[in-house]
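The structure under discussion appears below in the form of structure tokens.
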Amino acid sequence: MKDTFTHQGMRKRLVETLKKKGIANKGVLQAINAVPRHLFMDSGFVDHAYVDKAFPIAADQTISQPYTVARQTELLDVERGDKILEIGTGSGYQTAVLLEMGAVVYSIERQNELFKRTNRFLPKLGYRPKKLIFGDGYAGLEAEAPFDGIIVTAGAPFVPKPLLAQLKVGGKLVIPVGENVQIMTVFTRTDDTEFEKEEFGEFRFVPLLEDKE
């Protein structure tokens, strides 16, 4: 597992691409520049690692497009020390970006194959989430709530109420909502019962699956 000067140069170019696409948060750009995305993909596909597109991984899932990761992270408004719940660990790339920004990350994965692989893999790169859980993302993680932010990395046909309930006042839920095409939606908790909703355009994600295998 090597991160060469060539890889680092490719990441710098990717960061410039993201800037041109409107990503402005310096912390997000620094994290994308720091995380070796090629190590999250099969070695035969390294040429694709720093192209701004999604790519298939195990269990019929994808590693999200770098722009999507950057945009969701930017919308989450992460600050160092924030307690973040990630729904859909996947390859662990988004997890690593959040950890690189100093977040305390709890992450739930429903695909057992991915859960086991990522659980072994992230510590090898020096990334240590607070907890990785094999479970149902729709239920969130009530035992560790409330969270400063919750990020959902799969397309949800509806907004799961437990996720809204597990936000702190002032906390944000960033979730792509819809069936075939999703609208990136941010819910900000304004008090115990009220939420402010904002929408940020169309995206495409694999579906958010319910229940454990």
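Any read-out appearing in this document is the output of simple, stated calculations on the displayed coordinates, not a laboratory observation. These numbers come from a predicted model, not from an experiment. Note that we place each Cβ from the backbone using ideal geometry, even for glycine, and neighbour counts take in every protein chain shown.
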Under 16 Å from a point 7 Å along the Cα-to-Cβ line of T6: which residues of segment 46-86 have their amide N that close?
46-51
Simple SL model, points at 7 angstrom along Cα→Cβ for A139 and Q30; separation in nm is 3.8 nm
Is it possible to state the helix-based mean residue ellipticity at 222 nm for the chain, with each DSSP H run of 4+ residues giving -39500 (n - 2.57), the sum divided by total residues, to the nearest 500 deg cm²/dmol? What is it?
-8500 deg cm²/dmol
Rounded Å value of the spacing that divides the Cα centres of segment 145-213 and segment 44-113
15 Å
How high is the relative contact order of the chain, in percent, counting Cα pairs under 8 Å that sit 6 or more residues apart?
16 percent
Can you give me the Rg/Rh ratio for segment 47-130, using Cα atoms for both radii and the Kirkwood formula for Rh?
0.94
Would you mind checking the tilt of helix 112-124 against the longest principal axis of the Cα atoms of the chain, expressed as 0 to 90 degrees and rounded to 10?
60 degrees
